[in-house]
Amino acid sequence: MKRLLLIALCALPACGGFENEPFKTGIVRGQLSGVDATALISVVDHEELVTRPDAEGRFELAGVPLGNVELLAIINARQSRRLAVTVAGATVVELGAVEAKPSAKFEIYVSAAGGLRLTGGTVSLVGTPLRVNIRGSENEAEFYVPGGCYTALVQVPGLAEATTSGCIGDSGFFERRVELSPPDGSPGQEGCAVTGCLTGLTCQVDRTCR
Amino acid sequence: MRLATLLVVGVAAAVGCAHPTGEKGGLVTVRASADEVQKAFSGRRFALLIGIPKSRDEHWQPLRYATKDVEDLGAVLQDPLRGRFAHVESLITPEDTTRDAVRAAVARLAALATQPEDVVVLYVSAHGTLARDARGELERYLVTSDADFHHVSQTGLPIDALSKGLEASRSRRRVVVLATCHSGSGKSLLPEDVAAELASRKGGVGLRPLEEASRASIVLSASDFLETAREDETLQNDVYTHWLIEALTGGGDRNGDGAVTATEAHDYARRRTWVFSQGRQRPSAELFEVGADPVVLTGDVRRGGQPELYSYVPRLDGFTLRVDGIERAELPGGAAVGAGAHRVELTKGDEVLFSEDVDLDVGARVDLDGLARKKEPFFAMTATGGAFGFLDATSRQQVLPISPAVGVSVRFERVLLKRLSVELDLSGFGGQGGLTFNPTSPAVPFAWSSVLAGVSLAYQWDWRWVSVWFGPRVAGLWVQRSFSLDAYQGTQSAFSFTPGVLLGGALHLTPRWELSVGLQGSVVVVAVDGVSQTLGFAGAWAGVGYRF
């Protein structure tokens with residue numbers, strides 16, 4: 001009976017319809033000064049929403065979800081900004097000229113347990129499009145970001161992922177050290193067969209470095 | 001305990017009535033063809049008369065005149081100069097008046113009639129009572145000679161069974177007369193629980209009406225419900241039956257055509273019963289669609305009778321019939337007047353329901369209710385204001401908010417059937433508002449306009465000051481939304497048929513002006529982002545109407 005009713009209702013003449021999708025996002029526009037090639041604008045927690053400003057620093061972010069969102073603006077190596085914005089459907093939020101602030105430095109030093117050697121790897125800030133390679137003799141990664149709270153995700157082939165969090169003020173300095181373990185914390189399954197061992201150590205049959 | 005009398009006369013055969021026709025503002029002419037009159041008075045007559053003076057259960061006191069009622073009525077019906085009934089069967093002994101015996105006798109009576117024009121009369125003078133039936137509903141019962149006071153529903157005979165028993169008859173002029181009552185006094189005695197229930201109620205008792213059992217009937221009651229019907233030592237009969245017999249012997253021939261019909265006899269007995277009982281016993285009458293007078297009980301139509309004006313419908317109860325300014329009858333009831341043009345009025349106090357010049361021919365029988373309705377307004381035009389909207393909150397936030405509306409409706413009453421009305425409505429609504437997709441973001445501003453047009457087929461109940469109607473409704477809903485935003489400019493529109501229901505009511509301030517209210521509920525199919533949704537849609541309105 002219910003099915004017949006539904007069929008009858010669906011067969012009723014009806015035409016036209018409404019589109020609500022255009023009203024479920026908005027647009028943010030603004031202009032940054034002093035931009036360099038590293039400059040970008042993104043929506044925090046929507047890392048897919050990212051754009052780069054033009055040579056004059058003008059930018060437009062489309063498809064920004066409605067409501068209160070936060071923008072992350074990386075202007076250059078020394079300047080950046082986080083901005084709270086309220087977005088309305090199918091409307092443009094004009095930010096105008098965005099005042100830059102000195103960036104804070106966020107450094108992460110990565111090491112591996114059990115004498116395993118790090119081979120490559122990246123560190124990314126969760127909820128942002130920012131990602132850098134681990135490099136240097138001390139296996140470090142650094143970000144120049146506006147003050148705020150961040151979570152860094154460390155990913156190295158052959159080792160388990162790890163995260164570290166912390167908050168930093170504008171123009172401040174923040175350092176974290178992360179020691180990675182083999183996956184599941186059980187040395188030998190991947191271990192040195194993938195990563196190799198630090199100088200002076202040898203990868204054993206059980207894939208540990210000694 | 002004295003006995004009360006309830007007289008129920010069921011009559012079939014809607015033949016031979018004059019058909020009133022009217023010209024608005026002019027003389028209303030009422031005529032009956034010779035064929036119609038002749039057909040109305042033809043047919044043989046059969047009767048079953050049952051008197052149950054005593055039940056085996058001594059809770060019910062013996063009736064003094066039940067047997068005599070049967071004998072006296074039988075004498076009139078069998079009189080070759082009066083009733084000339086072809087067959088009259090009388091049952092008065094305990095053996096002949098058991099539940100089964102009465103059922104069998106009713107079946108025999110039903111089988112006697114072989115033509116629709118045949119008249120069938122069933123008369124019972126006995127105790128009546130009320131009891132709960134197997135479904136728990138309060139039911140009228142006839143106290144047969146084998147009835148048990150403590151088991152009425154198992155041993156008594158449901159009153160409905162009498163009417164139903166006659167439905168097998170080919171006659172369309174069935175007359176059932178029950179000289180019983182169920183008031184707890186007079187001709188009835190009630191079980192304690194039923195008596196206590198009745199005593200605690202000030203209104204009706206919710207009994208299923210008898211006409212459900214037999215549509216082909218006129219119901220003439222010796223007393224209103226819960227009134228006491230009485231036997232009387234002076235009259236030596238049941239009071240109502242006494243006057244009924246007197247009417248049948250010729251006194252009831254109101255229009256002087258030589259015959260006494262069922263309603264003529266009832267009107268005669270009704271007036272005299274009311275006077276005799278000093279207003280304590282008010283016989284009443286109801287005519288139903290199929291059943292209609294004239295059903296001749298005694299005499300023959302020897303000449304064209306005087307035109308008669310009558311009504312037995314409850315809505316006209318208490319109105320006074322005035323003819324040429326002279327009070328002629330209190331409704332329910334009727335009066336005979338001379339042929340020709342008359343000023344006919346129905347009044348109650350200062351209220352004048354009907355006042356028209358009516359041209360009455362010899363033999364005409366005019367139903368005042370029908371006459372009055374022809375002159376009553378039959379359609380109302382109403383200016384309405386109200387609000388419409390989706391039933392679910394999501395649609396109100398994201399499709400269309402609740403909207404104020406103005407409109408007009410036209411209600412045609414008595415379309416095809418007496419209680420059927422058709423209502424056409426047209427509403428327009430619009431405004432400005434916002435769509436909300438995220439509670440933390442500003443609403444999306446937009447403007448909308450809509451048109452809602454519907455047609456309803458409703459069953460309508462009318463009281464003196466109030467009418468209520470309810471029925472299915474189908475409408476077309478068109479909605480347009482307009483946006484002027486930074487990133488979107490344009491309009492969107494949708495149309496849908498919306499099947500649903502309508503509940504309406506009107507308070508008649510005057511015969512012409514009314515205040516009305518309505519509720520509409522329907523289903524709308526709307527496509528949103530390419531997905532069709534079936535949504536509930538409702539509206540409420542109030543308005544002021546004028547009846548034409």
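Has the range A:186-198 got at least one residue that is modelled with pLDDT of 85 or more, over 15 Å from the mean Cα position of the chain (by Cα) and not in a loop (DSSP other than H, G, I, E, B)? Scanning the range A:186-198 turns up at least one residue that is modelled with pLDDT of 85 or more, over 15 Å from the mean Cα position of the chain (by Cα) and not in a loop (DSSP other than H, G, I, E, B).
Looking only at the range A:135-158, residues that are within 30 Å of A:Val69 (Cβ to Cβ) and not in a strand (DSSP E or B) come to 2 in all. Among the residues of the range B:411-445, those identified as closer than 23 Å to B:Phe495 by Cα and more than 14 Å from every other protein chain (Cβ to nearest Cβ) are B:Glu423, B:Leu424, B:Asp425, B:Leu426, B:Ser427, B:Gly428, B:Phe429, B:Gly430, B:Gly431, B:Gln432.
Within the option set B:Ala101, B:Ala134, B:Ala105, being surrounded by fewer than 18 Cβ atoms within 10 Å (Cβ to Cβ) and either hydrophobic (A, V, I, L, M, F, W, C) or not in a strand (DSSP E or B) (or both) holds for one residue only, B:Ala134. Scanning the range B:388-405 for residues that are aliphatic (A, V, I, L, M) and surrounded by 15 or more Cβ atoms within 10 Å (Cβ to Cβ), we see that the one that is farthest from the chain's Cα centre (by Cα) is B:Val399.
A:Gly127 meets each of the listed conditions (1) of a type in the set (Gly, Ala, Ser); (2) part of a strand (DSSP E or B); (3) surrounded by fewer than 23 Cβ atoms within 10 Å (Cβ to Cβ) apart from (2). Please enumerate the residues belonging to the range B:137-176 that are more than 25 Å from B:Glu117 (Cβ to Cβ) and in a loop (DSSP other than H, G, I, E, B). The answer is B:Glu137, B:Val143, B:Thr144, B:Ser145, B:Asp146, B:Ala147, B:Asp148, B:Gly156.
The single condition from (1) at the interface with another protein chain (Cβ under 9 Å from one of its Cβ atoms); (2) under 24 Å from A:Ala90 (Cβ atoms); (3) aromatic (Phe, Trp, Tyr) that B:Trp448 fails is (1). Inclusion of B:Arg481 among residues that are of a type in the set (D, E, K, R), under 22 Å from B:Ala387 (Cβ atoms) and over 40 Å from the mean Cα position of the chain (by Cα) is warranted.
The set of residues in the range B:490-503 being under 17 Å from B:Asp529 (Cα atoms) and not hydrophobic (A, V, I, L, M, F, W, C) consists of B:Gly490, B:Thr491, B:Gln492, B:Ser493, B:Ser496. Report yes if A:Gly166 is farther than 30 Å from A:Gln79 by Cβ, outside any helix (DSSP H, G or I) and not aliphatic (A, V, I, L, M), otherwise no. In short, no. Taking the criterion of being more than 10 Å from chain A (Cβ to nearest Cβ), surrounded by fewer than 22 Cβ atoms within 10 Å (Cβ to Cβ) and among the hydrophobic types (A, V, I, L, M, F, W, C), the residues of the range B:466-506 that qualify are B:Val466, B:Val468, B:Phe470, B:Val501, B:Leu503. Based on this model, can you work out whether B:Gln489 counts as assigned by TED's automatic domain parsing to the domain that holds B:Gly407 and closer than 18 Å to B:Arg373 by Cα? Considered against the rule, which asks whether it is assigned by TED's automatic domain parsing to the domain that holds B:Gly407 and closer than 18 Å to B:Arg373 by Cα, B:Gln489 comes out as no.
Quickly run through the range B:386-404 and pick out the residues that are outside any loop (DSSP other than H, G, I, E, B) and not basic (Lys, Arg). If the condition is that a residue be outside any loop (DSSP other than H, G, I, E, B) and not basic (Lys, Arg), then B:Gly386, B:Ala387, B:Phe388, B:Gly389, B:Phe390, B:Ala393, B:Thr394, B:Ser395, B:Gln397, B:Gln398, B:Ser403, B:Pro404 are the ones that fit.
A:Thr86 - would you say it is among the polar types (S, T, N, Q) and either crowded, with 18+ Cβ neighbours inside 10 Å or in contact with a Lys or Arg (Cβ under 9 Å, 6 or more places away or on another chain) (or both)? In short, no. Only a single item in (1) closer than 30 Å to A:Gly89 by Cβ; (2) of a type in the set (A, V, I, L, M, F, W, C); (3) surrounded by fewer than 14 Cβ atoms within 10 Å (Cβ to Cβ) is not met by B:Val525, and it is number (3).
When A:Glu138, A:Glu161 are checked against the criterion of being loosely packed, with under 13 Cβ neighbours inside 10 Å, in contact with a Leu (Cβ under 7 Å, 6 or more places away or on another chain) and charged (D, E, K, R), A:Glu161 stands alone in meeting it.
Here B:Phe446 meets each of (1) modelled with pLDDT under 95; (2) touching a Phe, Trp or Tyr at 6+ places or on another chain (Cβ under 6 Å) with one exception, condition (1). All conditions in (1) charged (D, E, K, R); (2) assigned to a loop (DSSP other than H, G, I, E, B); (3) buried (at least 21 other Cβ atoms within 10 Å of the Cβ) hold for B:Asp69, with the sole exception of (2). Among the residues making up the range B:521-548, none is part of a strand (DSSP E or B), within 14 Å of another protein chain (Cβ to nearest Cβ) and among the charged types (D, E, K, R).
Taking the range A:44-91 and the strands (runs of 3 or more DSSP E) fully enclosed by it, the elements with 2 or more residues that are among the β-branched types (Val, Ile, Thr) are at A:46-51, A:67-74, A:79-87.
Within the set B:Ala285, B:Ala259, B:Ala292, the sole residue that is modelled with pLDDT of 80 or more and not assigned by TED's automatic domain parsing to the domain that holds B:Lys418 turns out to be B:Ala259.
The values are calculated or read from the model by the stated rules, or taken from the named source; none is laboratory data. What you see is a predicted model, and the numbers here were worked out from it, not measured in a lab. Cβ: placed from backbone, ideal geometry, glycine included. Neighbour counts: every protein chain shown.
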